[in-house]
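To keep things clear, I will list the structure first and then write my remarks on it.
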Amino acid sequence: MQQNDELDDRKVKILKAIVANYLETGEPVGSRTISKYTDLNLSSATIRNEMADLEELGYIIQPHTSAGRIPTDAGYRFYVDSMMQEKEETEVEKGALLERVDRLEVLLKQVAKVLAYNTQYATMVTAPKYLNKQIKFIQLSQVDEGQLVAVIVVGDNVAKNQLIKVSRGLSNEEVLKFNILLNTFLQGASLQDINLEMMQTMKRQAGEYAEILEKIFEGIIEAIHQAEELEIYTSGTSNILKYSELGDLSKTSALLETFEDKKELNQLIDETLKFTDEEGSGIQIYIGDEAPVQNMKDCSIVTATYEMPEGAKGTIGIIGPKRMDYKKVVSTLKNLTDELDAIFRKEEKRGEE
């Protein structure tokens, strides 16, 4: 396929006009429409010849005989790359999109809903990902004779509660000794640091309480695993049904299942975070077959990352048809990530005071 930089100005203007018109109307675009749409002052016959060249180069296709043209994935890609390079982008009206909330989980769910409402596409937001999450503190308390509750604080002060069944009740002094033992060995450790040798050493120090320690230890490990599971919040999945180009029942069902199950979304998240590490923070757009998720190959995906003050990163994604309003989506996403960054900076400053 001919390289983008080999397209002359006339072809570039015609291609951009075809994509922009198709994004707006969803109807194949004819030469007469383009003759009114651009400032080229060309005849319909000349435009038809240029469109034939663009079709041969793989940027547009003619879905039906005697119909106009629609963009291919390559056509969308050219349009999006040009849009991202332009300095003067169409911006949505700026202003606070998010309400002030105290919990990160509530804030991220709100982000997903606000984006879905503003763009009318499906959205996903992940909780921040902490690599090698470390244990900060463990606090055991007795609930009743057969149960303890362990509060495990990990990462950025994320607390997990875990109920642990034990064979008998413990005195306050015994619970205190367990707390000292656990924090002595596990404070500052990540899952990768906890091994069989460490467990054996702790059991030797626990002496007659070794069996109870093992139960406590199992509960703590389970809680840490839960803390490391990536939370993904989605919204607007029903918006997918609004677009006829995503109307194939089997494909739509598979796409909706991806949002429901969420496991496949991890591929998209990993790809986005990898791109951020390599290229720096910014917006990434996947079109069609570029999508890392198999069930999203008929879609376009726009992603961005947000970063917590401590360095943990999360992903925000918008999923819709290839005929997506890219300018509005990119602008909305930029405004929202800027707002998130401002919220996190404010919280960091408040925490330092």
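Pick from 34, 14: which is touching a residue at least 12 places away in the same chain (Cβ under 8 Å) and closer than 16 Å to residue 67 by Cα? Only one candidate passes the filter, namely 34.
Within the range 284-311, residues that are without any contact (Cβ under 8 Å) to a residue 24 or more places away in the chain reach partners that are surrounded by fewer than 23 Cβ atoms within 10 Å (Cβ to Cβ) and part of a strand (DSSP E or B) with beta carbons closer than 8 Å, at six or more positions or on different chains, in the pairs 284/304.
The set of residues from the range 117-141 being modelled with pLDDT of 90 or more and over 21 Å from residue 267 (Cα atoms) comprises 117, 118, 119, 120, 138, 139, 140, 141. Among the residues making up the range 158-189, those that are among the basic types (Lys, Arg) and over 27 Å from residue 128 (Cα atoms) are 165, 168, 177.
Name the residues in the range 143-167 that are in a loop (DSSP other than H, G, I, E, B), touching a residue at least 24 places away in the same chain (Cβ under 8 Å) and not polar (S, T, N, Q), would you? Within the range 143-167, 145, 155, 156, 166 meet the criteria. Just wondering, is there one or more residues in the range 234-257 that are surrounded by fewer than 15 Cβ atoms within 10 Å (Cβ to Cβ) and over 30 Å from residue 70 (Cβ atoms)? No, the range 234-257 has no match at all.
Does residue 346 meet the test of being modelled with pLDDT under 80 and either surrounded by fewer than 18 Cβ atoms within 10 Å (Cβ to Cβ) or not basic (Lys, Arg) (or both)? Considered against the rule, which asks whether it is modelled with pLDDT under 80 and either surrounded by fewer than 18 Cβ atoms within 10 Å (Cβ to Cβ) or not basic (Lys, Arg) (or both), residue 346 comes out as yes. Are any residues in the range 310-343 in a helix (DSSP H, G or I), β-branched (Val, Ile, Thr) and crowded, with 19+ Cβ neighbours inside 10 Å, and if so, which ones? 329, 330, 332, 337 - these are the residues of the range 310-343 that are in a helix (DSSP H, G or I), β-branched (Val, Ile, Thr) and crowded, with 19+ Cβ neighbours inside 10 Å.
Within the range 175-207, being of a type in the set (Val, Ile, Thr) and either within 17 Å of residue 153 (Cα to Cα) or exposed (fewer than 14 other Cβ atoms within 10 Å of the Cβ) (or both) holds for 180, 184, 194, 201.
Looking across the range 62-83, the residues that are surrounded by 14 or more Cβ atoms within 10 Å (Cβ to Cβ) and either among the aliphatic types (A, V, I, L, M) or free of Cβ contacts under 8 Å to residues at least 40 places away in the same chain (or both) come down to 62, 70, 72, 74, 80, 83. Looking at this structure, is residue 281 at pLDDT below 85, of a type in the set (S, T, N, Q) and not assigned by TED's automatic domain parsing to the domain that holds residue 76? Answer is yes for this residue. Determine whether the range 54-72 contains at least one residue that is in contact with a Leu (Cβ under 7 Å, 6 or more places away or on another chain), farther than 20 Å from residue 327 by Cα and small (Gly, Ala, Ser). Among the residues of the range 54-72, not one is in contact with a Leu (Cβ under 7 Å, 6 or more places away or on another chain), farther than 20 Å from residue 327 by Cα and small (Gly, Ala, Ser), which makes the answer no.
The values are calculated or read from the model by the stated rules, or taken from the named source; none is laboratory data. Just so you know, these numbers come straight off a predicted model, no measurement behind them. So basically every Cβ, Gly included, is an ideal-geometry build from the backbone, and we count neighbours across all protein chains shown.
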